[in-house]
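**Q** Provided herewith is a single structure, encoded as structure tokens, for subsequent inquiry.
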């Protein structure tokens with residue numbers, strides 16, 4: 001799944017690598033691999049560019 005971080009648009013569109021519990025690992029082109037607490041940050045799905 002492709003997503004954007006609502007507070008960090010400069011990171012670009014990320015690819016979700018895993019979702020375990022509330023920990024979501026996303027690989028962003030401008031920030032690298034980031035682990036996000038899904039209960040605190042609501043990622044925005046990207047369906048097209």
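**Q** Take segment 16-33 and flag every residue that is under 10 Å from the mean Cα position of the chain (by Cα) and surrounded by 14 or more Cβ atoms within 10 Å (Cβ to Cβ).
**A** Within segment 16-33, 16, 24, 25, 26, 28 qualify.
**Q** For residues in segment 34-49 being part of a strand (DSSP E or B) and under 9 Å from the mean Cα position of the chain (by Cα), which is surrounded by the fewest Cβ atoms within 10 Å (Cβ to Cβ)?
**A** Top of the filtered list is 45.
**Q** Looking at (1) touching a helix residue (DSSP H, G or I) at 6+ places or on another chain (Cβ under 9 Å); (2) in contact (Cβ under 8 Å) with a residue 24 or more places away in the chain, find the lone condition where residue 28 falls short.
**A** (2)
**Q** Further, regarding this structure: What number of residues in segment 1-25 are in a strand (DSSP E or B) and touching a residue at least 40 places away in the same chain (Cβ under 8 Å)?
**A** Residues meeting the conditions: 3.
Quick note: the coordinates plus some simple rules give every number you see, no bench work behind them. Everything numeric here is computed off the predicted structure, so don't read it as measured data. Cβ: placed from backbone, ideal geometry, glycine included. Neighbour counts: every protein chain shown.
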